[in-house]
2 protein chains.
Amino acid sequence: MSKDRPAPGGTPTLEHVAKVAGVSRATVSRVINGIRNVDPQLQEIVRAAVEQTGYVPNQAARSLVTRRTNSVALVVSEAEHRTFDDPFLGRIFTDPFFGRLVSGIMGVLRPRGVTMVLMLAENDAARTQLLGYLKQGHVDGVILISSNVDDPLPRLLTDAGLPAVLSQRPVTPLPISYVDAAQSAGAKLAAEHLIARGCRRVATISGPLDMPASQDRLSGFRDALARHGHAYVPSVEGNFTQETGERAMLQLLEEYPDVDGVFVANDLMALGAVLALHDAGRRVPDDVAVVGFDDSNAALMSRPPLTTIRQPLEDMAAEMAHLLLGRIDDPDSKPTSVIFEPTLVVRQSA
Amino acid sequence: MSKDRPAPGGTPTLEHVAKVAGVSRATVSRVINGIRNVDPQLQEIVRAAVEQTGYVPNQAARSLVTRRTNSVALVVSEAEHRTFDDPFLGRIFTDPFFGRLVSGIMGVLRPRGVTMVLMLAENDAARTQLLGYLKQGHVDGVILISSNVDDPLPRLLTDAGLPAVLSQRPVTPLPISYVDAAQSAGAKLAAEHLIARGCRRVATISGPLDMPASQDRLSGFRDALARHGHAYVPSVEGNFTQETGERAMLQLLEEYPDVDGVFVANDLMALGAVLALHDAGRRVPDDVAVVGFDDSNAALMSRPPLTTIRQPLEDMAAEMAHLLLGRIDDPDSKPTSVIFEPTLVVRQSA
DNA sequence: TTGTACGCGTTATCAC
DNA sequence: GTGATAACGCGTACAA
C-alpha cells in the first residue's frame, strides 16, 4: 500500500516530515503545536525536517479535528434591497469610519494569531451565501457591523449558534454581545455646545433612521434641546455620505433659511453640509455653526475643520474583538455589552 | 461503539441525515452535490431529511478531500514599513477605487457560488500571517491589489504555487496573470486634452513613484507632452489621498506660479488639487485646468466636476476574477494578461 | 518522552 | 441506482 507514499509529489504532509525526521507523526505534530513534552534534540531535528520539506499544516485536516479555524469574519451588512448601483460599497470604501474599526480589530486579533477576513453582505443573495459560508465553519466567529433595524443577520447568527458580536445595540433584544457608544449622550454634547455658543435656531441632519444609532442621535439631540426650551428641531435624513449631507443641508436651508446651528450625524455628511453652506454664501461658523460626529479624518479635511463628537472607534473595535474571542473560548459565557462615552472635540466649525 | 451515535447533540452530520432518510451516507452526499444518478423519489426524501436536521456540510471535511474551498481572497497589499498611524487603512477605506474593484469581482464570483474574503497586508507582520493563512489552503486563489514595486507578495504567491492574479503588471517578470489599464495611453489622453484646450504651462501630480502605474502615468504624460515641444514637465509626488493632492498642488503653485494645466494621477488627489487652487484664488478651469484619473465618484463630488481619465475598474476586476477562476480550474494554464484602454471623460475642470 | 491507533465528516471508488 | 469502504491530513487519548 501507499501508507508510506515515498515521493512528496504534492504538498508535504505530517507523515513526510515524520519520515524525514525519523520520528512518528505524533511527535512532529507535538512540536508544531508547541507541546512541551518533547526532547529538545528531537525538536531541532523535527524543525529542520519541517524546514527542509517546506511543510505547512493543512488547515482543513486540522480544523476537522480541532473544530477551530483561528480566523474570524468581519461582516459589514446592510438589510435593504438595493439596485446594482447601490451606494453601499461606495459608502464603505469611502467612509474613514470603517478603516478605524478594522484597525482596532486587527490590533487585537493579529497578536493572537487569528486572521480577520472581511465580508460584505449588501443584499439578500449576499447574505444567504454569507450565512452558508459561516455555518460551514469557515470561521470561528463573526463581528457584525453596521446592521440596520431590519437586518436579519443578528438573529440568524444567534440561531446558527455562531459566536458573534455586534457593533450596535441590537434593535430587538437578542442574546448577543455588543459594543456601542452612548449615542444620545454624544448628541447631547453637540446640543449643549451649540446652545453655549449662542445658536438659537438649530436643526439636524440625521443618519438613516432605520439605524438605532441614527435614531438615538436624533432623539438625544432633540431631548437635550427640549430641555433648553427648543420645542421643535427640524431634521432631514441623510445616509452618511458626503453627497446626502450636502443635499440635506440644501433642503434645510430652503425650509429654514434662518438656521444658525446644525448637528450632523457623521463627519462625512458634515463635510457635505459645510460645502453646501459655503455654496449658499453662509459663513461657517459665523452664520451657521456645524457639529459633526465620529471625529474621523474627514473632520480635518473640512474647511473650516469640524467641531465634532468623537467616538473611540478603535477602542470600540478592539473591545469587540476581545468580546468575540472570549465568546469563542467559552461559548457558554453570558452575552456582554460595553458602552463607550463620546467626547466633544472643538475645532473651528462650531 | 458510537458509530451510530443516535442523538445529534452537536451539528448534524451526513450520517445523521442518512439515518433519518433511511439511506446511505453516499446517497445523501450525492443529492447534496447534485449528482444525477439518484432516484428522484429518494432525492425528495433526502432533501426533507436535510431540511429536518438542518444539515450543513462541514467545510473542513469536504475540502480535506476535494482540496477546494470555493472561496478566494482579495488581498490589498502594501510593501512599505509604516507606523501604526499609517494612512494605509485610511487610503483603502477612503478611495472609491476599491469599492469599484470589489463590486466588479463579486459580480462574477457570487453567481458562481464562490465567496470572496478581503484581507489586508499592510506590513510585514500582516504579510507573514497572510501567507500562512493562504498556504494552509483557506482559499483556492488570490487576487492581489495595489502592490508596489517592492512588494514581495507576487513572488511569494507564485513560489507557494497559489493561483493568483495581479491588478497591475508585475515589476519584475513573473509567471503570473495580471490585468492592467494602458496607463501611459491614459496619460497621453490627458496631455492631449490639456494641449488642445490651450494650456501652455502644464505640470503633473503623480502617484507614489514606487508603483508601476504611477511611473507609467508620469512618463506617459511627459512623453506625450515632449512630442508637443514641452521639454520639461514639473511634477510633484502624492500618495493618492486628497490631502497629498492638496499639498502637492500648493507646492506646484509655489514653484511654478504660472502653471495653467495639471494632470493629477487620481481623482482623489485631483479633488484636493482643485481645493488648493480654489484657496489660492485660481479659477478652475479658467486659470488652471485640472484632469484627474479613474473617474471615481470623487470626480463628481468636486466642484467643478472633474474632467478625468476613466479606467473601467469594474470590468478590470471582473476580468481578474475570471482569470483567477480559470487558473484555479486549470493550474497549468498559461499566465495571461489583459490590458484595458482608458478613455477621456470631459466635465468641467478642464 | 514517544509511538500506536482511532476518529473528525466528506468525497470517491468500487462492487452490487 | 445504491451502499460499503477507503482515503483526505491531522490531533490526541492511551499505552508503552
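Assorted remarks:
- Hits in the stretch B:325-350 - residues which are over 29 Å from B:Met116 (Cα atoms), of a type in the set (A, V, I, L, M) and modelled with pLDDT of 95 or more: B:Leu344, B:Val345, B:Val346
- Any chance B:Phe97 is within 13 Å of chain A (Cβ to nearest Cβ) and touching a residue at least 60 places away in the same chain (Cβ under 8 Å): yes
- Each residue in the stretch B:106-122 was checked for being facing chain A (nearest Cβ under 8 Å) and of a type in the set (Lys, Arg), and 1 of them qualify.
- 3 or more residues closer than 20 Å to B:Val139 by Cβ and not assigned by TED's automatic domain parsing to the domain that holds A:Gln136: qualifying helices (runs of 4 or more DSSP H) within the stretch A:8-67: A:59-66
- Among (1) more than 26 Å from A:Met301 (Cβ to Cβ); (2) within 18 Å of the chain's Cα centre (by Cα); (3) facing chain A (nearest Cβ under 10 Å); (4) surrounded by fewer than 23 Cβ atoms within 10 Å (Cβ to Cβ) - the single one B:Ser103 does not satisfy: (1)
- Count - residues of the stretch A:336-349 that are crowded, with 16+ Cβ neighbours inside 10 Å, touching a Pro at 6+ places or on another chain (Cβ under 9 Å) and touching a residue at least 60 places away in the same chain (Cβ under 8 Å): 3
- Residues of the stretch A:172-190 classified as surrounded by fewer than 17 Cβ atoms within 10 Å (Cβ to Cβ) and at pLDDT below 95, total: 3
- Any hit, the stretch B:76-85, residues being facing chain A (nearest Cβ under 8 Å) and either over 23 Å from the mean Cα position of the chain (by Cα) or without any contact (Cβ under 8 Å) to a residue 40 or more places away in the chain (or both): no
- You will find that of A:Ile205, A:Ile145, the residue that is surrounded by 21 or more Cβ atoms within 10 Å (Cβ to Cβ) and within 14 Å of chain B (Cβ to nearest Cβ) is A:Ile145 and no other.
- Test for B:Gly132: is it in a loop (DSSP other than H, G, I, E, B), within 30 Å of A:Gly132 (Cα to Cα) and more than 17 Å from the chain's Cα centre (by Cα): no
Every residue, every condition in (1) free of Cβ contacts under 8 Å to residues at least 12 places away in the same chain; (2) of a type in the set (Phe, Trp, Tyr), yes or no:
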{"site": "B:Tyr256", "(1), (2)": "no, yes"}
{"site": "B:Ala273", "(1), (2)": "no, no"}
{"site": "B:Ala280", "(1), (2)": "no, no"}
{"site": "B:Pro285", "(1), (2)": "no, no"}
{"site": "B:Ala299", "(1), (2)": "no, no"}
{"site": "B:Ser333", "(1), (2)": "yes, no"}
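- Looking only at the stretch B:11-64, and only at residues there that are among the small types (Gly, Ala, Ser) and more than 41 Å from the chain's Cα centre (by Cα), the one that is nearest to DNA strand D (Cβ to nearest atom): B:Ser24
The values are calculated or read from the model by the stated rules, or taken from the named source; none is laboratory data. Quantities reported herein were computed from a predicted structural model and do not represent experimental measurements. Every residue, glycine as well, gets a Cβ built from its backbone with ideal geometry; the counts of neighbours run over all protein chains shown.
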